[in-house]
1. In segment 142-163, which residues are in contact with a helix residue (DSSP H, G or I) (Cβ under 8 Å, 6 or more places away or on another chain) and either more than 23 Å from residue 384 (Cβ to Cβ) or among the hydroxyl-bearing types (Ser, Thr, Tyr) (or both)?
2. Taking interchain pairs and intrachain pairs at least six residues apart, which have beta carbon atoms under 7 angstrom, with the first residue in segment 182-195 and of a type in the set (Val, Ile, Thr) and the second in a loop (DSSP other than H, G, I, E, B)?
3. Find the residue count for segment 96-114, including only residues that are surrounded by fewer than 23 Cβ atoms within 10 Å (Cβ to Cβ) and of a type outside the set (S, T, N, Q).
4. Residue by residue through segment 139-148, note down the ones that are touching a strand residue (DSSP E or B) at 6+ places or on another chain (Cβ under 9 Å) and part of a helix (DSSP H, G or I).
5. Residue 198 passes all but one of (1) among the polar types (S, T, N, Q); (2) more than 22 Å from the chain's Cα centre (by Cα); (3) farther than 19 Å from residue 237 by Cα; which number fails?
6. For residue 281, work out the one condition from (1) touching a Pro at 6+ places or on another chain (Cβ under 7 Å); (2) farther than 24 Å from residue 386 by Cα; (3) buried (at least 19 other Cβ atoms within 10 Å of the Cβ) it doesn't fulfil.
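The values are calculated or read from the model by the stated rules, or taken from the named source; none is laboratory data. All values reported here derive from a predicted model rather than from experimental measurement. No Cβ is skipped: glycine too gets one built from the backbone with ideal geometry, and neighbour counts run over all protein chains shown.
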Amino acid sequence: MTELKSFIDDEEILKALSKKSTKEDVKYVLRKAADPESTGLSLEEAAILLNNTDPEMDEEIFSIPQRVKQHIYGRRMVLFAPLYVSNTCVNNCLYCGFRTDNKSLKRKFLTIPEIQREVEILERMGHKRLLLVYGEANYQPEDLVEDIEAVYAVKTLPSGEIRRVNVNIAPMDVDGFKVLQKAHIGTFQCFQETYHRQTYEKVHVSGPKSNYLYRLYAPHRAMEAGIEDVGIGALYGLYDYKFETLAVLKHAQTLEKDMGVGPHTVSFPRLEPALGSEMSYNPPYRVSDYEMKKIVAVTRLAIPYTGMIISTRERPEFRMELIKLGISQLSGGSKVSPGTYEDKNVNHEEKQQFMVADERTLDEVIYDLVQHEYLPSFCTGCYRHKRVGDMFMGLAKKTFIKDLCFPNAILTFAEYLRDYASPQTKEAGQKLIQKLLAEQGSPKRITDQLDRVHQGVCDVFF
């Protein structure tokens, strides 16, 4: 067996960050990034933008990601919810509320009936995509398959069903991922947390997660096993944000080189307070809102075709600022501990992984998006038509994917408005749909399908 070697080269990243940015440098990189034919940025070019200290040029940096994202995906915003199956964990990660040494946390591992009751509640909100989240415990791939099959089996009237199950789980070997792949999962999501190896070893005190290289290569193994979509990310606050951002970019480039396609998604979790974790209250490298905006903007320009996710760790108004910088997916109505969609009287702090900053309902999140003329999407059409992995990215790179994203977002949003929306959201959403269709010339292929939705047909997609 070939010995694994880290593809994260600290010297390469530090060298890229060592150069002081000039105004001319920034303008050159932005011209490249704004080009509709741009395929992204190099580490050195991304570093130029991260290193910029001129506020005027930062505003230039912030002005472009929205155009880039809309050129590829349009105004659609994909919505999902996390479903925490367990907070039981054998790792001792200093920043996490789930760490095994945290005796204040009330542990819970949902049974199949409990999972299905949570799913029913999420379906009645209108959700179609779930992210199953597990602490790292002694479970087998077959156990996860059983959970996933149980999620897909839940159907609630009038149109409640989960059409895409993504998973955030501990890394497996290739054989384990092959078992998981057969359960029709969507994206396998695994965050490196910090790519800086010395920091990684310091904060991951014990447990399987302390193996830096095994975790680093988890997306490679998942793709080798046939899982075509993977999600990566860093936990901002553990180490220098510029280093982590370039490391995420390097990870994306390495997946593209080695596996033929980069990550389907990149997430941007920021270290938030968690019961039983002193480090989470005092991050070693606290990231400001302004720095977070820079991270998101530069990532969109560096890997323009990748889906970018922001969670309810961030405040509602700040989430909207980040959406304007290129975010394309977000959670809504989220709970971050097992069993808390059903049990509303539980003390969330005693069971959750971190503090939630956006506690709005899904309907409130959607209404806010509509007020800013973003098109909420519950589409899962690509996954049912096998437009995944390199096929999806190929369509995105040719900017063809938005020709599918727009109509499918319209149709799935109309289904949500018909079956789940509050009167206020329904009225605002219908006006937005009519406005966006008028801007497109009300294509008959879309309006005919929209009529079917209005007649009560479910799951209409191209």
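1. Those that are in contact with a helix residue (DSSP H, G or I) (Cβ under 8 Å, 6 or more places away or on another chain) and either more than 23 Å from residue 384 (Cβ to Cβ) or among the hydroxyl-bearing types (Ser, Thr, Tyr) (or both): 142, 156, 159.
2. Here the result reads 185/227; 187/264; 194/235; 194/238; 194/239, each pair linking segment 182-195 to a residue that is in a loop (DSSP other than H, G, I, E, B).
3. Residues flagged as surrounded by fewer than 23 Cβ atoms within 10 Å (Cβ to Cβ) and of a type outside the set (S, T, N, Q) within segment 96-114 amount to 10.
4. Once the filter is applied, which keeps residues that are touching a strand residue (DSSP E or B) at 6+ places or on another chain (Cβ under 9 Å) and part of a helix (DSSP H, G or I), segment 139-148 yields 144, 147, 148.
5. Exception for residue 198: condition (3).
6. (3)
Here's the yes/no breakdown for (1) out of contact with any Phe, Trp or Tyr (no Cβ under 7 Å at 6 or more places or on another chain); (2) within 24 Å of residue 96 (Cβ to Cβ); (3) not acidic (Asp, Glu):
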{"position": "211", "(1), (2), (3)": "yes, yes, yes"}
{"position": "216", "(1), (2), (3)": "yes, yes, yes"}
{"position": "221", "(1), (2), (3)": "no, yes, yes"}
{"position": "247", "(1), (2), (3)": "no, yes, yes"}
{"position": "254", "(1), (2), (3)": "no, no, yes"}
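Quick grid of which residues meet (1) in a loop (DSSP other than H, G, I, E, B); (2) of a type in the set (Gly, Ala, Ser); (3) without any contact (Cβ under 8 Å) to a residue 60 or more places away in the chain; (4) under 30 Å from residue 14 (Cβ atoms):
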| position | (1), (2), (3), (4) |
| --- | --- |
| 127 | yes, no, no, no |
| 137 | yes, yes, yes, no |
| 150 | no, yes, yes, no |
| 165 | no, no, yes, no |
| 171 | yes, no, yes, yes |
| 175 | no, no, yes, no |
